[in-house]
Amino acid sequence: MTIKLTLLILLSVVLFQTVSTHDLTPQEKRGKAFYLRGESASGQEITALMGEIDVPASTLTCAGCHGIKGQGITEGGVTAGPLTWSHLTKPYGHTDEGGRKHGAFSDTCSAHSLDETSPTP
């Protein structure tokens with residue numbers, strides 16, 4: 001679940017960075033609301049994982065930790081890594097601040113993961 005939420009956040013960042021507000025599609029507007037305000041289109045509560053604690057995403061927004069443009073922020077000695085598409089899609093992958101290694105993300109793996117997070121009818 002955490003990986004799926006992370007990928008949804010990543011897509012939201014990409015959409016937020018590439019399009020101005022007046023040009024946003026309905027999907028992009030939902031991504032922006034998710035990333036900036038922790039709001040879901042369905043009205044279901046979204047939770048963010050802070051360490052080992054689930055916190056309402058409306059209280060602890062993605063942008064609050066990762067920055068408005070997903071550039072990553074360090075505060076109080078804790079770093080929330082960058083979520084920019086260029087960082088996440090580096091062909092050699094990346095290592096987050098906690099030392100966890102990730103392979104490169106791609107459009108295909110991101111779209112597949114986001115599809116898995118969609119509610120089933």
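Every number in this text was worked out from the coordinates using simple rules, so none of it is lab data. Nothing here was measured: the structure is a model prediction, and the numbers come from that model.
Descriptive notes on the structure:
- Fraction of the pair-distance distribution of the stretch 19-64 above 14 Å, Cα-Cα pairs, percent: 50 percent
- One Cα centroid belongs to the stretch 62-100, the other to the stretch 21-58; the line between them spans 17 Å.
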